[in-house]
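The values are calculated or read from the model by the stated rules, or taken from the named source; none is laboratory data. Values in this document were obtained by computation on a predicted structure and should not be read as measured data. Positions of Cβ are generated from backbone atoms using ideal geometry, with glycine treated the same way; all protein chains shown enter the neighbour counts. Note: areas computed on protein heavy atoms with side chains; ligands, DNA, RNA excluded. Shrake-Rupley method; radii C 1.70, N 1.55, O 1.52, S 1.80 Å.
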Amino acid sequence: MQLLFLPFTPRYILLTLTIVGSVVLAALVWRYPDNHALAVALAIVIGLALLGIRDLIQVKHAILRNYPIAAHLRFILEDIRPEMRQYFFEDDKDGAPFPRDKRAIVYQRAKKDPDKRPFGTQYDVYESRYEWLHHSMAPKAPAAEPFRVTIGGAECSQPYSASVFNISAMSYGSLSANAVRALNKGARMGGFAHDTGEGGVTPYHRQHGGDLIWEIGSGYFCCRDAGGAFSGERFAEVAADPQVKMIEIKLSQGAKPGHGGVLPASKVTAEIARIRGIEIGKDCISPAHHRAFSTPLELVHFIARLRRLSGGKPTGFKLCIGHPWEFLAVVRAMLETNITPDFIVVDGKEGGTGAAPLEFMDHLGMPLRDGLSFVHSALVGAGLRERIRIGASGKIISAFDMARVMALGADWCNAARGFMFAVGCIQAQQCHTGNCPTGVTTQDAIRQRAIVVPAKAERVFNFHRETVHALAELIAAAGLGHPSELKPQHFMHRAAPDRVVTFAELYRPLAPGELLAGTNDPRFRDAWFQARSDSFAPATASAFAHAAE
């Protein structure tokens, strides 16, 4: 009896109705053969009935077997859930990864629309974690000229005068050709730098002549031999291009440290395969580690080699901080060899990526401010800070974001997703699928034609200019003349509703030479003893105990 009534239960009623409807409509069509509306209705109902029967017998989705036809609504809602949340339910301050107001400020500045807000802040200024910058009773006039920083140490014969705000590493392949063109043309118009990402220097980076920071990852794209190993000869050829201003060795990326780069097979076109020297149609995975070096000492010698092969261009590395003794091991290698990079870029855990495993993206690597303060303090404590510039990247959008990290030791800032928004990104989060709705992160020629390069380049230029101008206004309001004058004591953090602390208390810097003299700071003391220049592995327990004595 139960089986007899089963077709009329809520689970199966839609299938039952489509089957019954098919029979009824078939009879009507037979009776009225000239009625085209009935024929169309019959085709639709038969299609639904066949779909329901397929749902019943398929083995992939349990919910479809129990709710034929009706359960497809679940998949439809899953598909549109991000858009529904973004457009109808998301608050201005709580969207992720970037809230609506952060995206809006980029769009407005890129389009030169009014970027002011009415009626006061929407933040609860007494809520824990609220932060602010102290202003001055004697503010200055904003700087008339854009802020710049010179990068290049004593061994560098071609130092580079960089903007304090540049385009962070994003490869062609992850980005479309038109997106790369627009970014580079905007960089040329605004006089700021464009990091190539580990995909290397491509014709699209060269087309408009914008300054390039060539990032070299473990795949050694554009400078590899037939076996995939680093080729000094090929490197020298590419590095000789006057458009290449700096060389950046990628040790790790904040969004997926220790994983290596990933370009999904869906985005590996014949052109990308040719440029990178890889197989078409297969995932392009850069190894998690470099083959050109395996110890801190080998790393600093590799830096010196690249600087020499490039003709003396600024050479450094990018990393997300992991085990503290590993970075301190590199510091020991610098001290032992007297070889220092011209710059270090600290990438925060909150940085973006086109594709990464969830566990890596959410729970591996040190956040930017913690990593930045660690690197800055370590170099100060080792007496090396004056020889090395520091860049910072990781969810930097606004002038306040820039000022905050500059107070913690950054000389300049890089942004990736901010400039993607300027090109047209709407945070659809389809970067890994090749189906980006705005053409920014796709290799589909039809999709990427949505990006009109001259128009988007203008927006890239506008976003950079307006953001740097906003930084100048912030600096002037604090009574300062240049971002380099920002210090941790200028920023406040609400640790609890009734307690505020300065950044100097949150991120206590080491004194000059303190690491060499022997520090008691728990962030550095044990890690410094564990650090060894001949290996990234920590010193043995016996060596650690001996050093501690």
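Things worth noting here:
- Flag if THR196 is of a type outside the set (Gly, Ala, Ser), surrounded by fewer than 23 Cβ atoms within 10 Å (Cβ to Cβ) and touching a strand residue (DSSP E or B) at 6+ places or on another chain (Cβ under 6 Å): no
For (1) surrounded by fewer than 20 Cβ atoms within 10 Å (Cβ to Cβ); (2) touching a residue at least 40 places away in the same chain (Cβ under 8 Å), each residue gets a yes or a no:
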{"position": "PRO139", "(1), (2)": "yes, yes"}
{"position": "PRO142", "(1), (2)": "yes, yes"}
{"position": "VAL164", "(1), (2)": "no, yes"}
{"position": "LEU183", "(1), (2)": "no, yes"}
{"position": "HIS208", "(1), (2)": "no, yes"}
{"position": "ILE213", "(1), (2)": "no, yes"}
{"position": "GLU233", "(1), (2)": "yes, no"}
{"position": "ALA240", "(1), (2)": "yes, yes"}
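- Test: residue in the range 31-38 that is of a type in the set (Lys, Arg) and over 15 Å from HIS72 (Cβ atoms): yes
- Among the candidates LEU56, LEU38, the residue that is more than 51 Å from the chain's Cα centre (by Cα), open to solvent by less than 70 Å² (accessible area, probe 1.4 Å) and in contact (Cβ under 8 Å) with a residue 12 or more places away in the chain is uniquely LEU38.
- Residue ID - farthest from PRO99 (Cα to Cα), chosen from residues in the range 361-415 that are open to solvent by less than 40 Å² (accessible area, probe 1.4 Å) and among the acidic types (Asp, Glu): ASP411
- Residues of the range 345-360 include at least one that is at pLDDT 95 or above and open to solvent by 10 Å² or more (accessible area, probe 1.4 Å).
- Pair list, Cβ < 6 Å and 6+ apart or interchain, from the range 88-99 residues that are among the basic types (Lys, Arg) to residues that are open to solvent by less than 40 Å² (accessible area, probe 1.4 Å): LYS93/PRO99
- The set of residues from the range 273-286 being open to solvent by 50 Å² or more (accessible area, probe 1.4 Å) and within 24 Å of the chain's Cα centre (by Cα) comprises LYS282, ASP283, ILE285.
- Residue in the range 71-87 that is touching a helix residue (DSSP H, G or I) at 6+ places or on another chain (Cβ under 8 Å) and outside any helix (DSSP H, G or I) present: yes
- Residue in the range 251-258 that is closer than 30 Å to PRO538 by Cβ, surrounded by fewer than 20 Cβ atoms within 10 Å (Cβ to Cβ) and touching a residue at least 40 places away in the same chain (Cβ under 8 Å) present: yes
- Residue list for the range 295-331, filter: surrounded by fewer than 19 Cβ atoms within 10 Å (Cβ to Cβ) and over 21 Å from GLU233 (Cα atoms): THR295, GLY322, HIS323
- Output for the range 68-87, where each listed residue is free of Cβ contacts under 8 Å to residues at least 24 places away in the same chain and more than 22 Å from CYS436 (Cα to Cα): ALA71, HIS72, LEU73, ARG74
- Selection from the range 259-272 of residues that are assigned to a loop (DSSP other than H, G, I, E, B) and surrounded by fewer than 18 Cβ atoms within 10 Å (Cβ to Cβ): THR269
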